[in-house]
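Here the structure comes first, spelled out in structure tokens, and everything after it is commentary.
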Amino acid sequence: MKIIDSHHHFWKYSAKEYDWINDGMKAIRRDFLPADLEKTIKDAGVDGAVSVQARQSVEESVWLTELAEKHKFLLGVVGWVDLRSKDVDKDLEKLAKHKKFKGVRHVVQGEPDINFILGAAFNEGIKRLPKYDLRYDILIFEKQLKPSIEFVDRHPKQVFIVDHIAKPRIKERILSPWRENMLELARRPNVYCKISGMITEADWQKWTSADLAPYLDTAMEAFGPKRLMFGSDWPVMLVAGPYKPWVELVKKTISRYSASEQERILSKNAIEAYKL
């Protein structure tokens, strides 16, 4: 069964550019490039991957598309543009010329205003994405779910993909109101959700599959096998655990579904959502 990792990052590490990598994340204070990922996914039986921005710069987005064009196993790129800029069309047109450029993301989780995602200029930028047949990845903390639901409702024809199951408070074992808000968000048929980035929201040293189970169960209940997709958040995830065991944990968790439904989660939903 084909497996696509719908969420990973590359970078050439510098302390200035990646200042969010703190002292507790020393394991990822180095370069992570295609050769590293290719070996990692091959060892885990994963066939391809989608690159996602780690810096908010158009230059990085161009770099990611160039890497994708050189490496067949890199199937798509989710980059960054300043969606609030009056020049957003210029940047989108430039990037959309690359056939593997599939979507855009903003680090909304890092914005101090909980309602950032509802900003007028930002939403005007989102309206430009259909012109270029681009998706939008929603990167938020669970506390930002309510405004994100309102945001999605403003753009019923836009395809959205929620990253990292909206980062619930797994370490604190708090399920509500994240659970209720995820069930509500999933009522919108234009929204997909990535099973990714979960172990870094848990206790990095002590997490168990039992800690993750209520959150995985909720994601599956909310989005079902037709709109969930496998992802890793490599190499960020490495601060909390290795790659292959995460792949195996997801495969075991979704084994309750039929073979065709498992295939949707492991590859076909990513192909469908991003038009890979």
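The values are calculated or read from the model by the stated rules, or taken from the named source; none is laboratory data. Computed from a prediction, not measured in an experiment: that's the story for all the values here. Positions of Cβ are generated from backbone atoms using ideal geometry, with glycine treated the same way; all protein chains shown enter the neighbour counts.
Go through (1) within 24 Å of Asp233 (Cβ to Cβ); (2) buried (at least 21 other Cβ atoms within 10 Å of the Cβ); (3) in contact with a Leu (Cβ under 8 Å, 6 or more places away or on another chain); (4) not small (Gly, Ala, Ser) for Gln109 and report which single condition fails.
Going through (1) within 24 Å of Asp233 (Cβ to Cβ); (2) buried (at least 21 other Cβ atoms within 10 Å of the Cβ); (3) in contact with a Leu (Cβ under 8 Å, 6 or more places away or on another chain); (4) not small (Gly, Ala, Ser) one by one, Gln109 breaks only (2).
Under the condition of being closer than 13 Å to Lys131 by Cα and not basic (Lys, Arg), which residue from segment 72-90 is surrounded by the most Cβ atoms within 10 Å (Cβ to Cβ)?
Val88
Take Leu64 and decide whether it is closer than 23 Å to His164 by Cα and surrounded by 18 or more Cβ atoms within 10 Å (Cβ to Cβ).
Taking the combined requirement at face value, the residue satisfies it.
I'm told Ala202 meets every condition in (1) under 21 Å from Phe141 (Cβ atoms); (2) surrounded by fewer than 18 Cβ atoms within 10 Å (Cβ to Cβ) except one. Can you identify the failing condition by its number?
(2)
Every residue in segment 132-150 that is outside any loop (DSSP other than H, G, I, E, B), among the aliphatic types (A, V, I, L, M) and either over 23 Å from Ala270 (Cα atoms) or touching a strand residue (DSSP E or B) at 6+ places or on another chain (Cβ under 8 Å) (or both), please.
Scanning segment 132-150 gives a single hit, Ile138.
Quick check on my filter: what residues within segment 37-71 are within 18 Å of the chain's Cα centre (by Cα), more than 25 Å from Arg128 (Cβ to Cβ) and either at pLDDT below 95 or of a type in the set (Val, Ile, Thr) (or both)?
Passing the criteria: Ile41, Val46.
Scan segment 115-125 and tell me whether some residue there is over 19 Å from Ala219 (Cα atoms) and not in a helix (DSSP H, G or I).
yes
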